[in-house]
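Read-outs throughout are calculated quantities, based only on the coordinates presented, and are distinct from any laboratory measurement. None of these values were measured; they are calculated from a predicted model. All Cβ positions, even for glycine, are placed from backbone atoms using ideal geometry, and neighbour counts span all protein chains on display.
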Amino acid sequence: MTGPSSPATTPTTPPPAVPAPARAPGAAPRLRTPRVRTARRHTAGRPRRSVLLTVLTGLVLLYSLVPLLWLVISATKTQEGLAGSFGLWFSGDFALWDNIAETFTYNDGAFTRWLLNTVLYVVAGAGGATFLAVLGGYALAKFDFPGKRAVFAVVIGAVAVPGTALAVPTFLMFSKMGLTDTPWAVIIPSLISPFGLYLMWVFATEAIPAELMEAARIDGASELRTFFQVALPLLAPGTVTVLLFTMVATWNNYFLPLIMLKDPDWYPLTLGLNSWNAQAATAGGDPVFHLVITGSLITVLPLIAAFLLLQKYWQSGLAAGSVKE
């Protein structure tokens, strides 16, 4: 007996390739359909890359960091090491701590006096300028009064005038009042910051809702209380931004103290270090370039620390009002 027959399996073979029809002589060639390439979308998380922008950013970074690197390296050298070694590399003796100690003790501790004078000018001048800018910007942004457009024009014009153009008239005025060669000759002009006033004006316009102020007034709050308890906390980013600008301007101020002060005891750091630097050009002067460099390094450290500590407030203050809600 035979079992049930199973169906026969036949191997499958691929169909024969159909040759492409030959193109007739003289016929036009067939054109291939081009593939459509989809454009790559650039989002905030995946920004567009630019080689030119990267190179320019790197050059700016080098331009900013190389002088600071030179300052740090040179502060570790002695007076002889500065002249006998490459500027961007260390010499044999590491004299940073000795240079710092000598900087604070040289010339009967003159550097300490200049540092305290600079702190005084920054606290009184830059702090006062920031407070006045906050008051003025808040008032100009939230109150209407006759002559507001004229005030705006004066503020914009004052921003465009450089401080050096007002130095000589300021000196003549303070000389008539007998205030030259005193700290007031540096502090009082530093209290006026047209750019800080304009910045606070713009910031307060967007940062303080009018409805919030109306609610505080309805609850019985006075204008002074409304400013300090309602408006001032909202103005914190702009206040820090103005404070940083005025602090840097006052800390690095050179020309105004140069024409106002003759007594070295009232010198800020900028004038004091310049007087040390000029000693080498005087007859019988003692060159102390290593102390000038070390003092310059100590001078920039507070500014770097202030920017690092207040960076987030500064960035948010600059971006305020740039996006319409």
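Structure notes:
- Sorted peptide list for 65-77, 189-201, criterion being average Cβ within 10 angstrom, highest first: 189-201, 65-77
- Computed with the Debye formula from one identical point scatterer per Cα of the range 109-322, without solvent, the log10 of I(q)/I(0) at q = 0.08, 0.09, 0.13 Å⁻¹ comes to -0.36, -0.45, -0.83.
- Residues of type lysines that K312 reaches as a straight line, Cα spacing below 22 Å, ignoring anything fewer than 8 places off in the same chain: K324
- Spin-label pair L96/V248, simplified geometry with 7 Å Cα→Cβ offset, distance in nm: 2.5 nm
- Efficiency of FRET from Cβ geometry, L303 and Q279, R₀ 25 Å, rounded to 0.05: 0.50
- Each Cα pair under 8 Å and six or more residues apart adds its separation to the average, and for the range 109-322 the resulting relative contact order is 32 percent.
- Dipole check for the range 109-322: with +1 at the C-beta of Lys and Arg, -1 at the C-beta of Asp and Glu, and the Cα centre as origin, the magnitude is about 160 Debye.
- Of the residues G128, L62, L52, the one whose Cα sits farthest towards the positive end of the charge dipole of the range 45-152 is L52 (charges of +1 on Lys and Arg Cβ, -1 on Asp and Glu Cβ, taken about the Cα centre).
- E211 versus L65: modelled label distance in nm, points set 7 Å from Cα along the beta carbon direction: 4.7 nm
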